Amino acid sequence: MRTALKLVSNNDHNTAIELAKHHRHLIALVGSKQDRAAFQALFEHFAPRIKAMMLKGGVNMMQAEDLMQDVMMTVWRKSSQFSPDRGTVGAWIFTIARNARIDLFRKASSRPYDDVYEMEIADDGQSSDDAMLQVEREECVSAAMKELPQDQRDVIQLAFIADMSQSEIAKKLSLPIGTVKSRMRLAYGKLKGKLEAVR
Amino acid sequence: MKLTHHLDDATLVRYAAGDLDEAFTVIVASHIAMCPQCQKASHNAEELGGQLLEAAEEVAVEQDAFAKLMGAIDNQNKANFDGVDAQNVHPFPKRRAKIAGDVPLPLQRFLGAQVADIEWKKVAPGISKHDIVLDKDVPSSLYLLNIAEGQAVPEHGHGGMEMTLILSGAYNDRFGRFGPGDIADLDEHVEHQPIVEPGGGPCICLVATEKPTKFKGIIERLLQPIIGI
Ligand SMILES: [Zn+2]
């Protein structure tokens, strides 16, 4: 019984990886040919997740729908700038959603992120030493996530999706800030270890 | 550029999640602009966000959401038909020329492109300052210090989060040598005594602080209202 369950979860895991690789293919079609069917497939996958992320961050239904529209519009407009050397499609779309949310709440500005992004676009094509890395990237990030202990996952879920600050997380989980920080470091360290192992 | 002092992993995660306020977002982005290693690391941290987005429980979007979006895109394409920016006109990535100047790009809209053009206000012997006015009203401040060769920066304990990014020159403290591009991403309560390295010109560094720094000695305490750091 236990083995059977594990098999199912491994299948899910593999499906998720195949899907992530498929998204890389779809975004390339949108970027190079403005392929609307490919974009629709991406929309159907990501739009409901972006909306969920916005709602978890505390906006109302209407704002969440509007933000989702903004984010998917940006995905369409910037699709040709997507580079698999920098990360998975999911991570790239996450950053677009993050930036849209930052600009809405105005505690910071997404300009510094955009500046770095612009620099990277300017550098694209000049270094391709990471071409090998992208092949394994989807596997690595998915595997790291699967192995993440629940306490670390809770912390990063609150930071990345619920848009809570370090001190808000500490308060919500009744933990010292130092513990929140060390769980963030551990979660990131797990992922970094996996990604560097294939280099 | 061979850098030795990088961002703390917890800072990378907070930056990737969007948890830093404007002062800290700017200083972290400026280091990332100078550091290929942290550039890569920040993308790794963003994968955490990507994975959590993938795992999010879907919330149904409005029924005509996709049609509405494509309608908006068609309208934009129509409006841009004569412009060079239209997505349909440029099927391939547009590449911008290399970024000019020695000021990291995330700082250029505050300072211009050249460190040499920054205007300084003298705040103490051997120490000048340039305050950066941020767009957002945040509880942190961002400023540049220009500290003469051989000069010690007054010893201070940190009242909150503080980061220092070296733009030119170098200083040494008990954590080692900090040269151009290096960032001191120190934990709270850490004390250090940076001394600017002789022979390399003044040390110009960008500082982000959460709260006013507390100086330790009586002289420094007297200086603090003057220096304002
Ligand atoms: Zn670095």
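The values are calculated or read from the model by the stated rules, or taken from the named source; none is laboratory data. Here the structure is a predicted model, which is why all the values come from computation and not from measurement. We place every Cβ from the backbone using ideal geometry, glycine too, and count neighbours over all the protein chains shown. Accessible surface is based on the protein model in full, side chains and every heavy atom, while ligands, DNA and RNA are left aside. Shrake-Rupley method; radii C 1.70, N 1.55, O 1.52, S 1.80 Å.
Here is the figure for segment A:82-92: residues that are touching a residue at least 40 places away in the same chain (Cβ under 8 Å) and within 7 Å of chain B (Cβ to nearest Cβ) total 4.
Under the condition of being more than 9 Å from chain B (Cβ to nearest Cβ) and either within 25 Å of B:Val138 (Cα to Cα) or in contact with an Asp or Glu (Cβ under 7 Å, 6 or more places away or on another chain) (or both), which residue from segment A:184-199 is least open to solvent (accessible area, probe 1.4 Å)? In this case the residue turns out to be A:Val198. Among the residues of segment B:41-48, is there at least one that is away from the ligand (no atom under 16 Å from the Cβ) and either farther than 20 Å from B:Gly160 by Cα or within 7 Å of chain A (Cβ to nearest Cβ) (or both)? For segment B:41-48, residues away from the ligand (no atom under 16 Å from the Cβ) and either farther than 20 Å from B:Gly160 by Cα or within 7 Å of chain A (Cβ to nearest Cβ) (or both): present. For segment B:49-101, the set of residues classified as surrounded by 14 or more Cβ atoms within 10 Å (Cβ to Cβ) and at pLDDT below 90 consists of B:Gln76, B:Asn77, B:Asn80, B:Ala86, B:Gln87, B:Pro93, B:Ile99, B:Gly101, listed by residue number.
Filtered by the rule that a residue be over 20 Å from B:Pro36 (Cα atoms), within 12 Å of the chain's Cα centre (by Cα) and of a type outside the set (A, V, I, L, M, F, W, C), segment B:7-23 gives B:Asp21, B:Glu22.
The set of residues in segment B:179-198 being of a type outside the set (D, E, K, R), part of a strand (DSSP E or B) and within 12 Å of the ligand (Cβ to nearest atom) consists of B:Ile183, B:Ala184.
Picking from B:Leu105, B:Leu142, which residue would you name as being under 25 Å from B:Asp8 (Cβ atoms), touching an Asp or Glu at 6+ places or on another chain (Cβ under 9 Å), within 16 Å of the ligand (Cβ to nearest atom) and within 14 Å of chain A (Cβ to nearest Cβ)?
Answer to the selection: B:Leu105.
In this structure, A:Leu104 does not satisfy being in contact with a helix residue (DSSP H, G or I) (Cβ under 8 Å, 6 or more places away or on another chain), among the aliphatic types (A, V, I, L, M) and open to solvent by less than 10 Å² (accessible area, probe 1.4 Å).
Yes or no, residue by residue, for (1) at pLDDT 95 or above; (2) facing another protein chain (nearest Cβ under 7 Å); (3) buried (at least 18 other Cβ atoms within 10 Å of the Cβ):
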| position | (1), (2), (3) |
| --- | --- |
| A:Asn11 | no, no, no |
| A:Glu18 | no, no, no |
| A:Gly31 | yes, no, yes |
| A:Ala38 | yes, no, yes |
| A:Lys56 | yes, no, yes |
| A:Thr74 | yes, no, no |
| A:Arg98 | yes, yes, yes |
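Here B:Leu20, B:Leu7, B:Leu53, B:Leu12 are screened, and the one residue that is away from the ligand (no atom under 16 Å from the Cβ) and under 25 Å from A:Ser109 (Cα atoms) is B:Leu53. Taken over segment B:121-137, the criterion of being touching an Asp or Glu at 6+ places or on another chain (Cβ under 8 Å), modelled with pLDDT of 85 or more and in a loop (DSSP other than H, G, I, E, B) is satisfied by B:Leu134, B:Asp135. Within segment B:31-50, residues that are free of Cβ contacts under 8 Å to residues at least 12 places away in the same chain and more than 14 Å from A:Asp114 (Cα to Cα) sit with their Cβ atoms under 9 Å from residues that are open to solvent by 20 Å² or more (accessible area, probe 1.4 Å) and within 13 Å of the ligand (Cβ to nearest atom), at 6+ positions apart or across chains, in these pairs: B:Pro36/B:Met1.
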